[in-house]
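The values are calculated or read from the model by the stated rules, or taken from the named source; none is laboratory data. What you see is a predicted model; the values in this text were computed from it and never measured. Ideal geometry is used to build each Cβ from the backbone, glycine not excepted, and the neighbour counts take in all protein chains shown.
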Ligand code: NAD
């Protein structure tokens with residue numbers, strides 16, 4: 001009996017430290033909405049991290065989470081990251097994200113998406129969504145039937161369409177800012193760049209780099225894409241497994257996350273890492289420190305891949321392609337600011353970027369509280 005009481009006491013402590021309210025205060029969330037509908041089978045979570053700068057914008061991910069706790073953790077983490085992405089590029093947007101629990105291949109229906117759209121509508125513009133892993137343009141169309149607070153709908157119904165050219169432009173500007181920091185000029189002529197991943201963003205990036213006469217290595221696990229892109233832009237094909245054995249100045253990861261880790265860093269001969277992939281550092285704290293020690297400039301991923309969010313922002317303001325590309329060009333100055341802070345304070349670039357974001361939000365919060 002006694003043992004049982006102790007056990008239940010311990011589990012209540014455990015519950016307390018992992019409690020939803022505890023998690024919210026650790027991540028600093030403003031509002032989290034749990035959405036459930038028995039008719040459609042909808043189970044979703046909308047997390048609004050911070051709306052100091054503007055409405056929380058973030059995609060809706062549909063994923064077969066093993067547990068509800070896993071879904072909650074994902075949405076809290078992803079929505080916080082959106083706050084940072086929006087703030088660092090100077091956009092007046094906040095950070096949010098939504099997850100729908102389920103298999104996107106089998107559990108999706110028009111009714112489920114529209115029901116989810118009703119939940120977004122009820123937030124009165126506090127949260128604006130877009131497509132993410134497991135959701136696509138068709139789903140956004142269904143959500144749009146119930147609420148106007150959705151972006152990234154197809155061009156045919158007034159949306160901004162494929163964001164990858166804008167993302168590639170932002171990455172390109174980020175690369176140029178790093179090159180300027182290292183070599184004193186931002187010309188890419190004669191520099192060598194290894195682009196890993198020749199998908200939507202990678203291909204556009206290769207085009208921009210080749211236009212400035214950079215030498216480009218490309219690698220991909222999809223041979224068909226690799227051969228097509230290499231041929232189209234005059235790039236050199238590289239074996240994905242031995243990429244780090246080659247000599248290049250800039251590594252542009254445009255495929256997967258976590259390709260920058262203690263093992264790859266020890267093999268790297270490049271001076272700059274700047275690409276579009278999300279979560280490039282396997283261990284943000286430790287790998288950022290290793291890069292600083294090895295004097296490899298790392299352009300924070302969430303800053304230079306913010307083109308997708310810039311595209312969405314433009315759509316909200318009334319889409320204009322030229323203006324959108326100009327906004328993506330601002331990533332150059334934003335990256336320069338991060339690199340300068342990192343250098344003068346001898347701190348990893350990712351920490352410099354985080355501190356710039358936190359200061360911007362704190363400053364605007366103060367102004368707003370004095371209204
Ligand atoms: P994509 O799926 O079109 O392209 C990814 C490419 O990487 C594919 O050609 C794929 O074959 C290749 N690839 C996959 N695994 C690989 C591996 N292990 N090694 C080498 N190549 C591999 O995706 P995308 O839209 O071009 O996005 C690329 C990255 O940038 C992703 O990490 C994405 O999350 C991120 N990102 C994209 C956008 C955007 O606007 N599309 C915005 C922000 C971030």
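When the stretch 259-288 is filtered for residues that are crowded, with 17+ Cβ neighbours inside 10 Å and over 30 Å from residue 55 (Cβ atoms), the ones remaining, listed by number, are 259, 260, 264, 265, 268, 270, 271, 272, 273, 287, 288. Among the residues of the stretch 222-247, those identified as crowded, with 16+ Cβ neighbours inside 10 Å, more than 9 Å from the ligand (Cβ to nearest atom) and in a helix (DSSP H, G or I) are 230, 233, 244.
For every residue, the table says whether it meets (1) closer than 25 Å to residue 331 by Cβ; (2) part of a loop (DSSP other than H, G, I, E, B); (3) within 15 Å of the ligand (Cβ to nearest atom); (4) modelled with pLDDT of 95 or more.
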| site | (1), (2), (3), (4) |
| --- | --- |
| 142 | no, no, no, yes |
| 162 | yes, yes, yes, no |
| 186 | yes, yes, no, yes |
| 198 | yes, yes, yes, yes |
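Among residues of the stretch 128-155 that are free of Cβ contacts under 8 Å to residues at least 60 places away in the same chain, none has a Cβ under 8 angstrom from a residue that is part of a strand (DSSP E or B) and surrounded by fewer than 20 Cβ atoms within 10 Å (Cβ to Cβ) at a sequence gap of 6+ or on a separate chain.
Does the stretch 314-351 hold any residues that are assigned to a helix (DSSP H, G or I), over 27 Å from residue 295 (Cα atoms) and out of contact with any helix residue (DSSP H, G or I) (no Cβ under 7 Å at 6 or more places or on another chain), and which are they? Give the derivation first.
Within the stretch 314-351, the first condition is being assigned to a helix (DSSP H, G or I), and the residues that meet it are 314-317, 321-329, 331-345, 349-351.
Add one more test, that the residue is over 27 Å from residue 295 (Cα atoms), and what stays is 314-317, 321-327.
Result: 315, 316, 317, 321, 322, 326.
Residues in the stretch 100-124 that are within 25 Å of the chain's Cα centre (by Cα) and outside any loop (DSSP other than H, G, I, E, B): 100, 101, 113, 116, 117, 119, 120, 121.
Just wondering, is there one or more residues in the stretch 209-224 that are closer than 23 Å to residue 338 by Cα and at pLDDT 95 or above? Yes, the conditions are met somewhere in the stretch 209-224. Of all residues in the stretch 262-285, those satisfying the criterion of being free of Cβ contacts under 8 Å to residues at least 40 places away in the same chain, within 13 Å of the ligand (Cβ to nearest atom) and in a loop (DSSP other than H, G, I, E, B) are 278, 279, 280. Here is the figure for the stretch 248-257: residues that are part of a loop (DSSP other than H, G, I, E, B) and more than 10 Å from the ligand (Cβ to nearest atom) total 2.
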